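*Asks:* To start, I am sharing the structure in question, which I have written as structure tokens.
The values are calculated or read from the model by the stated rules, or taken from the named source; none is laboratory data. The shown structure was predicted, so the numbers you read here are calculated from the model rather than taken from an experiment. Every residue, glycine among them, receives a Cβ derived from its backbone with ideal geometry; neighbour counts consider all protein chains shown. The accessibility values were calculated without ligands, DNA or RNA, using every heavy atom of the protein model including side chains. Shrake-Rupley method; radii C 1.70, N 1.55, O 1.52, S 1.80 Å.
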Amino acid sequence: MRFLSRRNLLIGSAAAGAIRAASSELSPGKLRVIVTGGHPGDPEYGCGGTIARYSELGHEVTLLYLNRGEKGCPGKGAKACGSTRVSEAKKACEILRARARFADQMDGEAVVDHAHYDAFQRLLEAEKPEVVFTQWPIDNHRDHRATSTLVYDAWLRMKKSFALYYYEVSDGDDTLLFHPTDYVNITQTEARKRTACYAHASQSPDRFYALQSQVTRFRGIESGHKQAEAFIRHPQSARNLLP
Ligand SMILES: [Zn+2]
């Protein structure tokens, strides 16, 4: 369990920058953080409080969604649903002061093959991240599992150049067998996270936020805070890059 001061974060990020490349255009200490997720809403529900903390510290956060959630609006066609959910995602990103990107796969039809491994790696390489968050691979939704495995493959092929963290979402419904190694205190940013999650108005936020909020309260009890988000850090990736 680690809670970092801004100073430690900057030291950690400077070290990561030195490992990654000497030619970064960003000022020293500024991190590029990518939070991947299967659908619009996954990064926000799993990491919204942490994303808000990164952006408040001046770091650059991108939410990279595998698809547009095209099949997630009962009674609505894929095209209309996708466009509703893209605008919800953009609104959520605005609230969290992050940027939205889409990997252009189709909801419920995630493809993990040679070409898609390569395409996803190219996407991540273009972003030059120091930190990447992804979904835990033991999850009931195939798009979540696909996201996890695409990120993991890119991490290996990019020579473990970014810190890799896994997050949990809708425990029991989705994530299972998740045993955290690291916690982020989100007591101060939980309200902003909630607003971002509620921006996904088509996705029953009353139901899903209630569940996720039980999870963050429990992670808070575990880590000694009112509210916390929990992560599993890959033990071979850089330390000290959480806010
Ligand atoms: Zn999802």
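*Asks:* Given the condition away from the ligand (no atom under 16 Å from the Cβ), open to solvent by 20 Å² or more (accessible area, probe 1.4 Å) and under 28 Å from PRO243 (Cα atoms), answer yes or no: does some residue in region 82-90 qualify?
*Replies:* yes
*Asks:* Within region 157-174, can you find the residues that are at pLDDT 95 or above and within 16 Å of the chain's Cα centre (by Cα)? Talk me through it step by step, then tell me what you get.
*Replies:* Step one: of region 157-174, the residues at pLDDT 95 or above are 157-169.
Listed by number, the residues that qualify are PHE162, ALA163, LEU164, TYR165, TYR166, TYR167, GLU168, VAL169.
*Asks:* State yes or no: is ALA14 modelled with pLDDT under 50, open to solvent by 60 Å² or more (accessible area, probe 1.4 Å), more than 16 Å from the ligand (Cβ to nearest atom) and over 28 Å from ILE221 (Cβ atoms)?
*Replies:* no
*Asks:* Which residues, taken from region 85-131, are more than 25 Å from GLN203 (Cα to Cα) and in a strand (DSSP E or B)?
*Replies:* Scanning region 85-131 gives a single hit, VAL131.
*Asks:* Still on this structure, I have one more. Could you tell me which of the residues ASP171, ASP113, ASP118, ASP107 is of a type outside the set (A, V, I, L, M) and either within 23 Å of GLU60 (Cβ to Cβ) or in contact with a His (Cβ under 7 Å, 6 or more places away or on another chain) (or both)?
*Replies:* ASP107
*Asks:* Hey, another quick one. Say we look at region 161-204 and pick out the residues that are on the phi > 0 side of the Ramachandran plot and within 13 Å of the ligand (Cβ to nearest atom); which of these is least open to solvent (accessible area, probe 1.4 Å)?
*Replies:* Once the filter is applied, the top-ranked residue is SER170.
*Asks:* Only residues that are open to solvent by 40 Å² or more (accessible area, probe 1.4 Å), more than 16 Å from ILE34 (Cα to Cα) and either aromatic (Phe, Trp, Tyr) or within 12 Å of the ligand (Cβ to nearest atom) (or both): list them for region 120-158, please.
*Replies:* Matches in region 120-158: ASN140, HIS141, ARG142, ARG145.
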